[in-house]
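In what follows, a single structure is set out as structure tokens and then discussed.
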Amino acid sequence: GGPETLVGGGLFRWRGVTRLRFATPQALPDNTVTDIQAAPDGSIWFATRGGVARYDPGSVNAFTPADHLPGRDARGIAFDTKGVLWVGCERWGSTLGGGVWQLDGKITSVLDRTAGFEGSGVHHILRARDSAMWLSVRGVGIVRIQSGLRSSFGVDQGMLGTQVSRQFAEDLDG
């Protein structure tokens, strides 16, 4: 491996002194990379403002609305304990709302306003040690999903507002 570095013109990967550039139109759906995650199979996934991309040594496969993805503005990605990729989007196509879609070879489910999912965009996703998925949701706060159950943490639960950081982490106590 080597470090991946986000820059304005795409993404660069260094191996020693060798540099590999990922950018549009050859590889990434968009040059703005918002998140990077390693998959259980060793591939590397990128969230971009134009969709997501999967990198295996020697090839990059991009997934965009042209591939029937529900959204293009991917902001946060994470893998659950079953290896399913969760993708948080700021907006779906021409609609104003955002949500989460899950990809396991094909889109397996979508959580958006039609499914009762509130908020206007998912900016970060974290898989916790207890396998719960935590989402930073603009307009809501933080949402925890585990075993199909959703819990929201916003102003009514003691948060100062609903504009949550785009990044958060789990502490040693979980």
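Label sites at Leu149 and Thr81, each approximated as a point 7 angstrom past Cα along Cα to Cβ, lie 1.5 nm apart. Here's how it looks for Arg75: its modeled amide H is under 5 Å from those of Gly88, Cys89, Glu90, which are all 5 or more places away or on a different chain. For the peptides 147-159, 121-133, the ranking by mean Cβ contacts within 10 Å, running from highest to lowest, is 121-133, 147-159.
Its Cα gyration tensor gives segment 72-174 an equivalent ellipsoid; the semi-axes, largest first and in whole Å, are 19, 18, 12. Taking packing as the residue-averaged number of other Cβ atoms within 10 angstrom, the listed peptides 77-83, 138-144 run from highest to lowest as 138-144, 77-83. Residue by residue, segment 75-81 carries 3J(HN,Hα) couplings of 10, x, 9, 7, 9, 7, 5 Hz when phi is fed to the Karplus relation 6.51 cos²θ - 1.76 cosθ + 1.60 (θ = phi - 60°); x denotes Gly or Pro.
In terms of the Cα gyration tensor, with a ≥ b ≥ c the square roots of its eigenvalues, is segment 135-174 rounded because a/c is under 1.5, prolate because a/b exceeds b/c, or oblate? In terms of gyration-tensor shape, oblate. Within segment 25-48, find all residues whose amide N lies under 18 Å from a label point positioned 7 Å from the Cα of Ser131 along Cα-to-beta-carbon. Answer for segment 25-48: 40-41. Annotation: amide H of Phe117 within the under-5 Å range of Asp112, sequence separation 5 or more or interchain, hydrogens built in the peptide plane. If the label point is 7 Å along Cα→Cβ of Ser59, which residues in segment 106-131 have backbone nitrogen under 12 Å from it? The answer is none, because no backbone nitrogen lies closer than 12 Å to the label point.
Just so you know, all these numbers are worked out from the coordinates, no wet-lab data involved. Everything numeric here is computed off the predicted structure, so don't read it as measured data. Here the Cβ is made from the backbone with ideal geometry for all residues, glycine too, and neighbour counts use every protein chain on show.
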